[in-house]
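S.K.: Can you keep this structure in mind? I'll have questions shortly.
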């Protein structure tokens with residue numbers, strides 16, 4: 001079993017690299033071969049990825065979130081599932097390249113540093129914890145996708161505004177489509193982040209008898225929640241421009257990255273990976 | 001039977017000459033009749049557009065065919081062509097087939113990959129069939145040329161990307177808005193460019209179209225044609241809050257819309273995106289408008305940049321399109337070779353013999369030796385009898401008579417000859 005998991009762990013970055021390459025060939029060169037096979041190869045890759053997470057869960061008898069590197073691969077899987085759904089919905093495949101570059105990097109880091117021998121904290125067997133973290137993971141993957149669509153939006157926006165009609169202009173879908181993809185994925189992420197905060201609160205209430213917390217990581221989560229909440233509210237009711245919404249998505253994601261890296265490294269928090 | 005082509009196009013002759021030599025659609029039927037009365041020409045088709053006039057003729061070897069056709073053109077155009085022979089190209093067989101397929105693919109057009117030519121070829125063919133001036137050879141040639149045209153457009157990007165300023169404007173609008181159906185546009189100036197742009201917008205089913213022009217009647221006329229709404233020239237700023245796209249094609253000494261107009265009329269529409277295209281000379285819109293965050297303003301230079309980019313991209317697709325043309329030419333020539341009578345007779349006999357043997361073998365296990373020999377004899381005789389009539393009939397045309405080609409073609413088709421199958 002360990003052999004299979006190790007094998008899949010090595011195989012996944014290779015598969016994601018292949019997908020990234022094919023989506024890139026389609027984006028930059030409109031390559032026929034890539035167009036024909038890339039979606040099928042990506043679906044196969046995602047199936048393998050899914051199998052990998054399930055096997056790990058089963059074999060090590062815990063939801064694979066014991067380290068940040070386990071979390072990265074699960075975030076990657078959730079994000080690529082969100083992307084596949086969007087690709088299916090809008091029937092546009094030119095944005096896949098941007099998403100896949102990101103996921104490939106996540107998977108590469110995860111595969112390189114993941115360690116199966118770590119001792120397990122008891123906490124991972126708690127059911128409430130699994131729900132809380134799954135919700136957070138789904139939320140973050142929605143935000144990651146939203147960040148990438150915002151990036152594409154801003155790239156296309158500036159290309160059009162400055163009359164640069166190159167590959168970005170000719171291959172990306174319209175600004176309106178990119179903007180709605182940003183908005184949908186941000187809403188998706190917001191929904192699950194809300195769930196994660198509520199579940200976390202209930203759990204904290206059980207253990208420490210208080211719902212809210214001032215732990216740095218949780219404060220960052222509140223801040224993220226506020227930013228995406230603002231984006232969703234103002235996009236819907238205040239008629240803010242798509243460009244402003246794109247900037248909000250990008251800053252929200254920057255804060256998430258900060259909380260994942262900086263808080264884990266420099267601040268002491270009970271709320272960290274072992 | 002051979003296919004001959006005499007033609008002139010935008011690469012070999014200037015517009016003045018092409019105009020004189022061209023046939024108007026009403027004159028083509030008569031011209032076709034005349035053509036078929038010349039020498040032993042049995043099939044003819046004339047393709048005449050503003051960029052080319054080409055005569056395709058199917059006949060038995062004729063050494064003087066080109067001078068005959070040129071004389072025919074000279075009469076029909078009323079021009080002496082003796083010193084203008086260098087304006088024409090003369091092709092035969094494979095070359096002529098390849099040329100037509102290139103034309104159909106848009107490879108021979110002024111703007112590579114333009115789609116109109118396919119429609120023009122179809123029109124020309126329709127006229128020719130109405131006059132019954134095409135036969136088995138040209139029928140096959142023309143219908144295959146349509147297939148080539150479609151295949152090239154499907155399998156290559158030869159027709160991709162806007163190559164006219166008007167279309168580039170519409171394509172740009174589609175990079176900003178998702179559905180033009182939900183958007184409305186204001187067209188300022190009802191001249192040629194304006195009309196063309198408005199038509200393209202209409203093709204993309206633009207929601208509402210407002211049209212304004214200094215001369216009122218022109219705007220009214222265009223609005224009626226395109227099912228749009230006419231707006232008074234003086235009051236065009238009033239519709240500003242209602243539109244998403246503004247196209248300026250007017251000739252005016254000063255800016256028709258400047259930054260303060262945009263600021264004033266859009267103050268209550270918030271961050272709504274506005275797309276403005278300035279094709280007017282001198283410019284219709286103040287360039288400062290582009291500073292507004294949600295306003296995209298582009299001028300003719302930008303559009304020309306898109307057009308140039310697309311043309312160079314289309315050129316990269318030429319080798320792929322050409323290889324499709326060669327492939328299809330080979331297919332046509334193979335079909336044409338198959339139309340010879342003797343190989344067809346051999347194939348037909350083989351086909352029936354195969355059917356006979358197959359049936360015989362199916363039943364041989366139930367038969368005694370003598371029964372088998374008897375049935376073998378009977379079926380052999382049957383096949384010979386069945387083949388007798390078509391053989392006699394076909395041999396009548398053994399010297400390549402056009403009627404014979406048609407019959408060979410029909411026989412090949414109904415018996416499925418030349419199809420790869422195992423009997």
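S.K.: In whole Å, what three semi-axes, largest first, describe the equivalent ellipsoid of chain A built from its Cα gyration tensor (square root of 5 times each eigenvalue)?
M.R.: 32, 26, 14
S.K.: Just want the ordering: B:364, A:19, B:59, from fewest to most Cβ atoms lying within 10 Å of their own Cβ.
M.R.: Going from sparsest to densest Cβ surroundings: B:364, B:59, A:19.
S.K.: Separation between the residue B:315 and residue B:346 pseudo-spin-labels, each 7 Å from Cα along Cα→Cβ, expressed in nm?
M.R.: Once both label points are built, they end up 4.9 nm from each other.
S.K.: Partner chain Cβ atoms within 10 Å, averaged over the residues of B:174-181 - can you pull that number for me?
M.R.: Details: counts 3, 12, 6, 4, 9, 3, 0, 0.
Per residue, the average neighbour count from other chains is 5.
S.K.: Relative to the longest principal axis of the C-alpha atoms of chain B, give the angle of the C-alpha long axis of helix B:318-338, reported between 0 and 90° and rounded to the nearest 10°.
M.R.: Once rounded, one gets 30 degrees.
S.K.: Further, regarding this structure: Counting other beta carbons within 10 Å of each Cβ, put B:311, B:306 in order, fewest first.
M.R.: Details: B:311 15, B:306 23.
Placing the least packed residue first, the sequence is B:311, B:306.
S.K.: So what is the orientation-averaged projected area of the protein assembly as shown, using the convex hull of its C-alpha atoms, in nm²? Please report the intermediate quantities before stating the final value.
M.R.: Numbers: hull surface 185.0 nm².
Value for the protein assembly as shown: 46.2 nm².
S.K.: Let me ask something additional. Based on the Cβ-Cβ distance of residue A:251 and residue A:206, what FRET efficiency does E = 1/(1 + (r/R0)^6) give at R0 = 25 Å, to the nearest 0.05?
M.R.: 0.15
S.K.: Another question about this same structure. With runs of 4+ DSSP H residues as the only contributors, calculate the mean residue ellipticity of chain A at 222 nm using -39,500 (n - 2.57) per run, divided by the residue total and rounded to the nearest 500. Walk me through the numbers on the way to the answer.
M.R.: Details: 9 runs with 207 residues, N = 274.
So the helix-based figure for chain A works out to -26500 deg cm²/dmol.
S.K.: Okay, moving on. Given R₀ = 45 Å, what would the calculated FRET efficiency be for residue B:10 paired with residue B:387, taking r from the Cβ atoms and rounding to 0.05?
M.R.: With a Förster radius of 45 Å, E is 0.30.
S.K.: In nm, to one decimal, how far is the residue A:234 label point from the residue B:338 one, both placed 7 Å along Cα→Cβ?
M.R.: 6.9 nm
S.K.: Provide, as a two-decimal number, the C-alpha radius of gyration of the stretch A:1-120 over 2.2 N^0.38 Å, N being how many residues it has.
M.R.: Dividing the Cα radius of gyration by 2.2 N^0.38 Å gives 1.09.
S.K.: Let me ask something else about it. Starting from the 7 Å offset along Cα-to-Cβ, what nm value, one decimal, do you get for the label separation of residue B:301 and residue B:116?
M.R.: In this crude label model, residue B:301 to residue B:116 measures out at 3.0 nm.
S.K.: Stretched out fully, how many nm does the piece from residue B:221 to residue B:205 gain, at 0.36 nm a residue minus the Cα gap?
M.R.: Value of the extension gain: 3.8 nm.
S.K.: Just order B:32-43, B:11-22 by mean Cβ neighbour count inside 10 Å, highest at the front, would you?
M.R.: Per-residue mean Cβ counts within 10 Å order the peptides as B:32-43, B:11-22.
S.K.: Next question, about the same structure. Largest first and in whole Å, what are the equivalent-ellipsoid semi-axes of chain B based on the Cα gyration tensor, each being the root of 5 times an eigenvalue?
M.R.: Semi-axes from the Cα gyration tensor: 60, 29, 17 Å.
S.K.: Using every Cα-Cα pair within the stretch B:165-306, state what percent have a distance larger than 24 Å.
M.R.: 20 percent
S.K.: If you take each beta carbon of peptide A:170-182 and count the beta carbons of other chains within 10 angstrom, what is the mean? Write down the numbers at each step before the final one.
M.R.: Details: counts 8, 0, 1, 3, 7, 7, 9, 4, 1, 2, 1, 0, 0.
Whole-number average of other-chain Cβ neighbours for A:170-182 is 3.
S.K.: Right, something else. As I understand it, the value is the acute angle between the Cα axis of helix B:136-155 and the longest principal axis of the Cα atoms of chain B; what does it come to in degrees, rounded to 10?
M.R.: Computed tilt is about 40 degrees.
S.K.: Tell me the angle of helix B:165-176 to the major Cα principal axis of chain B, expressed in degrees between 0 and 90 and rounded to the nearest ten.
M.R.: Once rounded, one gets 80 degrees.
S.K.: Given a Förster radius of 22 Å and the C-beta distance between residue A:162 and residue B:292 as r, what FRET efficiency does 1/(1 + (r/R0)^6) yield to the nearest 0.05?
M.R.: 0.90
S.K.: Sorted by average packing, counted as other Cβ atoms within 10 angstrom per residue and highest first, what order do A:171-182, B:381-392 take?
M.R.: Details: A:171-182: 21.8, B:381-392: 11.9.
Ranked by mean Cβ neighbours within 10 Å, highest first: A:171-182, B:381-392.
S.K.: Here's a follow-up. Which whole-number percent is the relative contact order of the stretch A:1-120 (Cα, under 8 Å, 6+ apart)?
M.R.: After rounding, I find 35 percent.
S.K.: Further question: What average number of partner chain Cβ atoms lie no more than 10 Å from the Cβ of the residues making up B:61-67?
M.R.: Across the residues of B:61-67, the mean count of other-chain Cβ atoms within 10 Å is 0.
FYI, it's all coordinate maths here, none of it is from the lab. Given the structure is predicted, the values throughout are model-derived calculations rather than measurements. Cβ coordinates were reconstructed from backbone atoms using ideal geometry, including for glycine residues, and neighbour counts include every protein chain displayed.
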